[in-house]
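Data block below; observations after.
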Amino acid sequence: MVAVGGLAVEEIAARFGTPLYVIDRDELVGRMRAYRAAFGPEVTVTYAAKALCVTGVLALAAAEGLSVDVASGGELATALRARVPGARLVFHGNNKSDEELAAGVAAGVGRFMVDSFDELDRLAAVGRERDEPVDVVLRVAPGVEAETHAAIATGHDDVKFGFTLSAGLAHEAAARALAEPGLALHGVHCHIGSQISSLGGFTAAAALLVGLLADLRDRHGVTLGELNLGGGLGISQTADQVEVDLRAYARAVTGAVAAACAARDLDLPHISVEPGRSLVGPAGLTLYRIGTVKRIPGVRTYLSVDGGMSDNPRPALYGARYEFAAAGPAGGGRAGGGRAGGAPAGGTRMVSVAGKHCESGDVLAHEVALPADLGPGDLLAVAATGAYNHAMASNYNRVPRPAMVLVAGGEARLLVRRETLDDVLALDVPLD
Ligand SMILES: Cc1ncc(COP(=O)(O)O)c(C=O)c1O
């Protein structure tokens, strides 16, 4: 029996339907606590809401004492709905609109993570206008090549985010912000990428940003007190991917900051980290029902499920790999009698798991070993889908997005209700 939160997944699927996102509350809250414990009370842990931005999850993060990073007006609105105090919000984005900036100001956002000279000027104007400086931190591109997929690397020089350190843009932005009465500059930030499992990039970035803080002190006589080192810690999505120990990560990062500060005789800044994936990713799983099987003799077998790239675009976008497991026949199983509890009756075979969308690229996994007798009606569970699945979901092919449930202690409750076709059609304006 595949179970989560004290419930058999067959039971959850029968009650809420498929595809379905399932969040294990104990795993999620446990990870939030583990982060806080690994870094200790001196470091602020800020949940990067983009990984999974739903009201219930942000409320849990706030209740666990985390701050929250939002990266759009929509994420800001979700955080406010979850009653995250404005002061515990940081607002990211490389092209925040005037409306988003105004919404952030109205919400009393704790820190605007300024990403461009244009944004710097806009926020300075807001600060002068209201006669109270806007609290800002500069996002810096430190020039660190993170060991991850190019689409989720963000710390190198040629990137759309932030002020590129090697080009002198970070120093220039800091000089402008410090001279600007409409801004209160508190520190610097970097985020080098996502799904990173070697620590070298994080420590290199930390040292570079401490170097920047020391340069700014030497040039301007001002010691900025805040250093936000972003998120990016990788998780294990398949058996061959090893998850970095959280305490080793915390030690490496705080140690690198301390060493770089000692080398430049700089006071230790207040450190923040901004994890997303490593908080929510392993806490989520997705349940699908198999609908059709295509066997191409001598080539491959495709099991097609009732979701796909609309609920998890990551395999198609950048080759993300996941672990699949047979989770038993839900709701009575397939015609002809299903297996009980996912136990293989006739060994396993390598198959591809395809989605239902009109793209050959809509394949969730190319080569996974699954019970050979899986067929229509059987349930598949996919592990570690809590991050950047629901958050990146679409209505491609006008497929309604799945529901999401939170499970714990044998109870399940909705976090997001299933979209209906009426929801999907609601925004269309008929021509007559
Ligand atoms: C600025 C910023 N901080 C934090 C994160 C979270 O990264 P991760 O989910 O890899 O921890 C991201 C992700 O893209 C980001 O852009």
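Converting phi to 3J(HN,Hα) with the Karplus coefficients 6.51, -1.76 and 1.60 and the offset θ = phi - 60°, segment 269-282 yields x, 6, 9, 10, 10, 10, x, x, 3, 6, 8, 9, x, x Hz in sequence order, with x at every glycine or proline. Peptides 403-416, 66-79 ordered by packing proxy, namely the average of other Cβ atoms within 10 Å per residue, highest first: 66-79, 403-416. The count of lysine pairs in the chain whose Cα atoms are under 22 Å apart, excluding pairs fewer than 8 places apart on the same chain, comes to 4. The calculated FRET efficiency for the pair residue 268 and residue 373, based on their C-beta separation and a Förster distance of 41 Å, comes to about 0.10. Of the trypsin sites (Lys or Arg not before Pro) found in segment 21-101, the ones in coil according to DSSP and having at most 14 other Cβ atoms within 10 Å of their Cβ are 83. When all alpha-carbon pairs of the chain are counted, what percent fall beyond 43 Å? When every Cα pair of the chain is considered, 19 percent fall beyond 43 Å. Report the normalised scattering of segment 355-432 as log10 I(q)/I(0) at q = 0.24 Å⁻¹, calculated by the Debye formula with identical scatterers on the alpha carbons. Each listed q maps to, in turn, -1.38. Rounded to the nearest 0.05, the FRET efficiency derived from the C-beta distance between residue 33 and residue 431 at R0 = 60 Å is 0.65. Fully extending the segment from residue 245 to residue 178 would add 20.3 nm, taking 0.36 nm per residue of separation and subtracting the current Cα-Cα distance. The convex hull defined by the C-alpha atoms of segment 259-331 has an orientation-averaged projected area of 9.7 nm².
Quick note: the coordinates plus some simple rules give every number you see, no bench work behind them. Nothing here was measured: the structure is a model prediction, and the numbers come from that model. Methodologically, a virtual Cβ is constructed for each residue, glycine included, from the backbone with ideal geometry; neighbour enumeration extends over all protein chains shown.
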